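The values are calculated or read from the model by the stated rules, or taken from the named source; none is laboratory data. Worth saying up front: this structure is predicted, and the values here are computed from it rather than measured. No Cβ is skipped: glycine too gets one built from the backbone with ideal geometry, and neighbour counts run over all protein chains shown. To get the accessible areas, we keep the full protein, side chains included, count just its heavy atoms, and leave off ligands, DNA and RNA. Shrake-Rupley method; radii C 1.70, N 1.55, O 1.52, S 1.80 Å.
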Amino acid sequence: YVMQLLEGIKVIDFSKWLPGQYCGMLLGDYGADVVKVEDMSGDSTRRFFPEKEDGMSYWHLMLNRNKRGIALDIRKEEGQEVLRRLLSDADVFLEGFRPGYLARYGLDYESIKKINPRIVYCSITGFGQNCHKPAHDLNVIGLAGLNSMDDIGSACVSEVQVSAIGSSLNALSGICMALLARERTGVGQYLDVNLYATALSLQVTGISSAWGCEETGDKPFGRTAHYYNIYKCKDGKYMTVGTIEPKFWQRFCDLIECPELEKRQFDFAHKDDIVAKITDKMAQKTQAEWLELIGGAEFCVTPVLNVSEALETELTAQENMLFTEECDLGKIRYVGAPVKFSDAECSIRRRAPRLGEHSEEVLRELGYSAEDIAEMKGKGAV
């Protein structure tokens, strides 16, 4: 028997997008009983390209594993009552609606804590509870200064939804802290997690440096330098050079046969000239040739890989994070959870649910009879 860290913790996941879905996924990976609640049309992410079958996108299969699925219409009184029953003995509620939406139906924190004061109620929004603007990750990171990632302010679109995944992890840590506090106090609390605050917090070093430069009058250093940059190889591939430590910079200068640069690591007055010289040197060999020259030496000069290449590396293999599971849909591949425990492990126990797949099962657990369920189905409430 392998211990499930969150066994016995009941989570109601009423999130429709990545931030809540990823948080719920991690809670389920470590043993929580996660019931995913959707409206009657299902999450939009079910139909994101590509789909394994209709309404079962690969996005959905990854992010909603280890969850049971129920479909409700909370605009109907019967649907509201089902959700209240689910929340009456739940430990955690995850929701991602705009501020005030659930309050219309008496499903806000103030209403729910009256029937379950132990609940940890976590809202994930774009801009917090005082702003009703809609937004996705790209909007948020633009507003927070996060997609001016290079030193000349060029905007970029990251393959990683930085503020969304960051908010998932903030929600996860906040939920676990609130559950820990509940062990002492016996009561839960409300968590306000938003993408904008997350995007600001992720820039903690850049913001502190900017403030420091305002006070000292220094010019902001930026993220790149000649010894900390990305250089193009002869074959169009790239190498990252992260030689912050002087000993690593010296080894890099030996690699590119530029001993005259060894004493000029911090010669920022001539940064452009040094970058040009390194750029010229790096363009004289292919990525594979540079890697062969480096061999087993260690000095923070590494290749830029695409996702397919990264998944095939020894580094990825040793992390044991990639799983393939068989189910009624055939083989499904998963990226596992990143945190490893000495006496527990992440496990994938069930595939993501079809829309409303476990509605009857969950409703029976809540005490509804077959007649009750049939009547609610007839009204379109479930």
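Please work out which residue is nearest to K219 (Cα to Cα), limiting yourself to segment 239-279 and to residues that are of a type in the set (S, T, N, Q) and without any contact (Cβ under 8 Å) to a residue 60 or more places away in the chain. Write out each step before concluding.
First, pick out the residues of segment 239-279 that are of a type in the set (S, T, N, Q): 240, 243, 250, 265, 279.
Then keep just the ones that are without any contact (Cβ under 8 Å) to a residue 60 or more places away in the chain; that gives 243, 250, 265, 279.
On the way: T243: 22, Q250: 26, Q265: 18, T279: 24 Å.
Restricting to residues being of a type in the set (S, T, N, Q) and without any contact (Cβ under 8 Å) to a residue 60 or more places away in the chain, the top hit is Q265.
Which residues, taken from segment 118-149, are open to solvent by 70 Å² or more (accessible area, probe 1.4 Å) and either part of a loop (DSSP other than H, G, I, E, B) or over 21 Å from S168 (Cα atoms) (or both)? If you could, list the steps in order and put the result at the bottom.
Of all residues in segment 118-149, those open to solvent by 70 Å² or more (accessible area, probe 1.4 Å) come to 118, 130, 132-134, 136, 138-139, 143, 149.
Answer for segment 118-149, where residues must be open to solvent by 70 Å² or more (accessible area, probe 1.4 Å) and either part of a loop (DSSP other than H, G, I, E, B) or over 21 Å from S168 (Cα atoms) (or both): R118, N130, H132, K133, P134, H136, M149.
Can you name the number of the only condition in (1) touching a strand residue (DSSP E or B) at 6+ places or on another chain (Cβ under 7 Å); (2) open to solvent by 60 Å² or more (accessible area, probe 1.4 Å) that V301 fails?
(2)
In segment 278-298, what residues are touching a helix residue (DSSP H, G or I) at 6+ places or on another chain (Cβ under 9 Å) and open to solvent by 70 Å² or more (accessible area, probe 1.4 Å)?
L293, E298
For segment 74-88, check the following and say yes or no: at least one residue is touching a Ser or Thr at 6+ places or on another chain (Cβ under 7 Å) and touching a residue at least 40 places away in the same chain (Cβ under 8 Å).
So in segment 74-88, the residues touching a Ser or Thr at 6+ places or on another chain (Cβ under 7 Å) come out as none.
No, segment 74-88 contains no residue that is touching a Ser or Thr at 6+ places or on another chain (Cβ under 7 Å) and touching a residue at least 40 places away in the same chain (Cβ under 8 Å).
For segment 190-270, which strands (runs of 3 or more DSSP E) that fit wholly inside it have 1 or more residues that are β-branched (V, I, T) and open to solvent by 90 Å² or more (accessible area, probe 1.4 Å)?
Details: elements: 190-194, 228-232, 238-242.
Here the list reads 228-232.
Please determine, by comparing only the residues of segment 60-80 that are open to solvent by 10 Å² or more (accessible area, probe 1.4 Å) and assigned to a helix (DSSP H, G or I), which one is nearest to S111 (Cα to Cα).
Here the answer is Q80.
Scan segment 14-51 residue by residue and report those that are surrounded by fewer than 19 Cβ atoms within 10 Å (Cβ to Cβ) and in a helix (DSSP H, G or I).
Answer for segment 14-51, where residues must be surrounded by fewer than 19 Cβ atoms within 10 Å (Cβ to Cβ) and in a helix (DSSP H, G or I): S44, T45, R47.
Going by the conditions given, is A171 within 21 Å of L27 (Cα to Cα), outside any strand (DSSP E or B) and in contact with a strand residue (DSSP E or B) (Cβ under 7 Å, 6 or more places away or on another chain)?
Numbers: within 21 Å of L27 (Cα to Cα): yes; outside any strand (DSSP E or B): yes; in contact with a strand residue (DSSP E or B) (Cβ under 7 Å, 6 or more places away or on another chain): yes.
Here the answer is yes, as A171 does meet what is asked.
Among L94, L107, L83, L87, which is touching a helix residue (DSSP H, G or I) at 6+ places or on another chain (Cβ under 9 Å), at negative phi, crowded, with 18+ Cβ neighbours inside 10 Å and part of a loop (DSSP other than H, G, I, E, B)?
Numbers: L94 fails: part of a loop (DSSP other than H, G, I, E, B); L83 fails: part of a loop (DSSP other than H, G, I, E, B); L87 fails: part of a loop (DSSP other than H, G, I, E, B).
Going through L94, L107, L83, L87 in turn, just one is touching a helix residue (DSSP H, G or I) at 6+ places or on another chain (Cβ under 9 Å), at negative phi, crowded, with 18+ Cβ neighbours inside 10 Å and part of a loop (DSSP other than H, G, I, E, B): L107.
Determine if segment 330-342 includes at least one residue that is over 25 Å from the mean Cα position of the chain (by Cα) and at pLDDT 95 or above.
Step one: of segment 330-342, the residues over 25 Å from the mean Cα position of the chain (by Cα) are 330.
In the following step, the residues that additionally are at pLDDT 95 or above were identified as 330.
Yes, segment 330-342 contains at least one residue that is over 25 Å from the mean Cα position of the chain (by Cα) and at pLDDT 95 or above.
Please tell me if P99 is in contact (Cβ under 8 Å) with a residue 24 or more places away in the chain and touching a strand residue (DSSP E or B) at 6+ places or on another chain (Cβ under 7 Å). Give the steps one after another, and end with the answer.
On the way: in contact (Cβ under 8 Å) with a residue 24 or more places away in the chain: yes; touching a strand residue (DSSP E or B) at 6+ places or on another chain (Cβ under 7 Å): yes.
The answer is yes for P99.
Would you check which residues across segment 1-13 are open to solvent by 50 Å² or more (accessible area, probe 1.4 Å), in contact with a strand residue (DSSP E or B) (Cβ under 9 Å, 6 or more places away or on another chain) and more than 17 Å from D89 (Cα to Cα) and list them? First the steps, then the outcome.
Here is the first cut: in segment 1-13, the residues open to solvent by 50 Å² or more (accessible area, probe 1.4 Å) are 1-3, 5, 7-8.
From what is left, the residues that are in contact with a strand residue (DSSP E or B) (Cβ under 9 Å, 6 or more places away or on another chain) are 2-3, 5, 7-8.
Once the filter is applied, which keeps residues that are open to solvent by 50 Å² or more (accessible area, probe 1.4 Å), in contact with a strand residue (DSSP E or B) (Cβ under 9 Å, 6 or more places away or on another chain) and more than 17 Å from D89 (Cα to Cα), segment 1-13 yields V2, M3, L5.
Can you tell me which residue in segment 359-374 is nearest to E78 (Cα to Cα), limited to those that are touching a residue at least 24 places away in the same chain (Cβ under 8 Å) and either open to solvent by less than 20 Å² (accessible area, probe 1.4 Å) or assigned to a helix (DSSP H, G or I) (or both)?
Checking each candidate, the answer is L363.
Would you check if there is a residue in segment 61-70 being of a type outside the set (A, V, I, L, M), at pLDDT 95 or above and at positive phi? Spell out the reasoning first.
Pass one, segment 61-70, residues of a type outside the set (A, V, I, L, M): 64-69.
Next cut, at pLDDT 95 or above only: 64-69.
Then drop every residue that is not at positive phi, which leaves 66.
The answer is yes, given that some residue of segment 61-70 is of a type outside the set (A, V, I, L, M), at pLDDT 95 or above and at positive phi.
Can you pull out the residues in segment 327-353 that are touching a residue at least 40 places away in the same chain (Cβ under 8 Å) and open to solvent by 80 Å² or more (accessible area, probe 1.4 Å)?
If the condition is that a residue be touching a residue at least 40 places away in the same chain (Cβ under 8 Å) and open to solvent by 80 Å² or more (accessible area, probe 1.4 Å), then F341, D343, E345, R349, R350 are the ones that fit.
Just give me the residues in segment 177-189 being open to solvent by 60 Å² or more (accessible area, probe 1.4 Å) and touching a residue at least 60 places away in the same chain (Cβ under 8 Å), in sequence order.
First pass over segment 177-189, keeping only residues open to solvent by 60 Å² or more (accessible area, probe 1.4 Å): 177, 180, 183-185, 187, 189.
Matches in segment 177-189: V187, Q189.
Does S57 satisfy the condition of being surrounded by fewer than 19 Cβ atoms within 10 Å (Cβ to Cβ) and either modelled with pLDDT of 95 or more or farther than 21 Å from C327 by Cα (or both)?
Here the answer is no, as S57 does not meet what is asked.
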